[in-house]
1. Which is free of Cβ contacts under 8 Å to residues at least 12 places away in the same chain, surrounded by 10 or more Cβ atoms within 10 Å (Cβ to Cβ) and farther than 30 Å from ALA354 by Cα, of LYS44, LYS61?
2. Scan region 315-374 for residues that are of a type in the set (S, T, N, Q), within 50 Å of the chain's Cα centre (by Cα) and open to solvent by less than 100 Å² (accessible area, probe 1.4 Å) and report the count.
3. Look at PHE189 and say whether it is over 30 Å from THR362 (Cβ atoms) and either open to solvent by 100 Å² or more (accessible area, probe 1.4 Å) or over 60 Å from the mean Cα position of the chain (by Cα) (or both).
4. Can you tell me which residues in region 59-98 are basic (Lys, Arg) and within 30 Å of THR373 (Cα to Cα)?
5. If you go through region 322-372 one residue at a time, how many are in contact with a Lys or Arg (Cβ under 6 Å, 6 or more places away or on another chain) and without any contact (Cβ under 8 Å) to a residue 40 or more places away in the chain?
6. Can you confirm whether region 205-223 contains a residue that is surrounded by fewer than 10 Cβ atoms within 10 Å (Cβ to Cβ), of a type in the set (Ser, Thr, Tyr) and within 60 Å of the chain's Cα centre (by Cα)?
7. Examine region 292-314 for a residue that is surrounded by fewer than 10 Cβ atoms within 10 Å (Cβ to Cβ), assigned to a loop (DSSP other than H, G, I, E, B) and modelled with pLDDT of 80 or more, and state whether such a residue exists.
8. List the residue pairs whose Cβ atoms are under 9 Å apart, where the first residue sits in region 89-113 and is among the acidic types (Asp, Glu), the second is at pLDDT 75 or above, and the two are 6 or more positions apart or on different chains.
Amino acid sequence: RCHHCPHLPIRPYEKREKPCMLSEYMRRYALYPISLPRGSFKPKEVYKMAQIPMEGISTTKRDYIAHEVLPQKLKPPEKHVKSDESMDLTSIYKQDYNSYPISQVPPCLPHATRHIPSAKMDTRTTYEGDYVLWNEPKTELIRPNDRFHPSEEKFDHRTIVQDDYLYRGPVATQSCKPLNLVQKSKAPFENVTNYRVNYVPHPLEKRYVHKYEKFKVNEVPFDSLTTHKVSYKGLAGQPGKLAKPYQPKLLHDLPFSSTTEFQEKYQAWPQPSVFTKKPGVYLPPLEKMDLHTTTQIHYKHPNGKPAKMCRSLAQFKKSTEPFNSSSIMKEDYKPWLCKRLKPITHAPELTFPAKPMDYLTTFQTHYVPHQLTVTKSYKPVWSGPKHHTLLDAKTIYATSYTPKGIVRCLASYKDPPGYVFEGTDADGHNLYLPASKRECLQGGH
């Protein structure tokens, strides 16, 4: 876009806001005819169709022929016969791996040797060496001598409450409870209730027992044929063989080594014995211990008596009559004698066949193995190894092109330097001529 005309056209009858696309580059460099790219030498991978028409029969339709399927024969389980021989409980682990006494593994850390100097250590600090005490007399305290002196009189162990508050005995108080003026009648208590008067016992009806209908056997015989059994009739065939290759076991006569590479190469380092300090012998003291405390010695009770309880004991009257544990619930509601009903079970009607089961599936009996068909590959043939000569990186552009500096286009100037304005053309473009040609024209005139 550096060589485009940046000014808008100045026609009086046509006004456009888009700049003109006319440039110096389009005048000097004309378009050349477009040349098509060269064709590729890569062979075309065209699918070649087979000339033989394809059959509409699949492998399943061709190999699997319908056969008559018979019911499976169940094989009765073999009875367990207990052998009289004793079981050998030895194993390879017990034979090859011998037990060793368990010992504590010593640490693998190297023994750290510490250098202990023989010279005597000077424990005097810098503070003690530099700051020396002055030889001055000790100053006396200015505070008054008012220390506490306990009295020499004996302590009587009595408190203010014991001295001031004297026990004057129990006080007779008047009860504010109202008197019970209800007079008890001597007539016997009537145990008649609304429930006993209004309740009418009704006779219980017999429980309804549902009668099951007897099973009726269908007279039409069951054919036990399904769509699979009718359509697919089995043919006799050999059972399928395993396609796994035979792997013989490698047995060596050499005995199994119980040592490992770690045990052979990594030997334990000699570890010195750990220094342990013997504890000192305990010597009991010769004097006997005084078990008396200060409280036992100084605080004694000369006339101590235990405190008496001021609370009066409540007097309960025990009745001689036996306790009547009967209630309305126990008298009216009595348990019934009910018997538990047994469940109604039918006898099993399923009969098992007497023939043993062969445990063969339809796939094992009817599958016929076929050889694998190798499909033809349509991959193009290898054209051979590539040439090992190095690529020449020299091109016409790299050898003939010389870099030039970026020059500003004269069309970007409003008045280009070295040019003189001459006029405008029919499209509205400003025309300029070089100043040297303008001078030559004027000199000729």
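The values are calculated or read from the model by the stated rules, or taken from the named source; none is laboratory data. Quick caveat, the model's predicted, so the values are computed rather than measured. Every residue, glycine as well, gets a Cβ built from its backbone with ideal geometry; the counts of neighbours run over all protein chains shown. SASA here: full protein model, heavy atoms, side chains in, ligands and nucleic acids out. Shrake-Rupley method; radii C 1.70, N 1.55, O 1.52, S 1.80 Å.
1. Testing whether each residue is free of Cβ contacts under 8 Å to residues at least 12 places away in the same chain, surrounded by 10 or more Cβ atoms within 10 Å (Cβ to Cβ) and farther than 30 Å from ALA354 by Cα leaves just LYS61.
2. Residues meeting the conditions: 4.
3. Yes; evaluated as a whole, the condition is true for this residue.
4. LYS61, ARG62
5. Result for region 322-372: 0.
6. Scanning region 205-223, I find at least one residue that is surrounded by fewer than 10 Cβ atoms within 10 Å (Cβ to Cβ), of a type in the set (Ser, Thr, Tyr) and within 60 Å of the chain's Cα centre (by Cα), so the answer is yes.
7. Yes, some residue in region 292-314 is surrounded by fewer than 10 Cβ atoms within 10 Å (Cβ to Cβ), assigned to a loop (DSSP other than H, G, I, E, B) and modelled with pLDDT of 80 or more.
8. Filtered contacts from region 89-113: ASP96/SER258.
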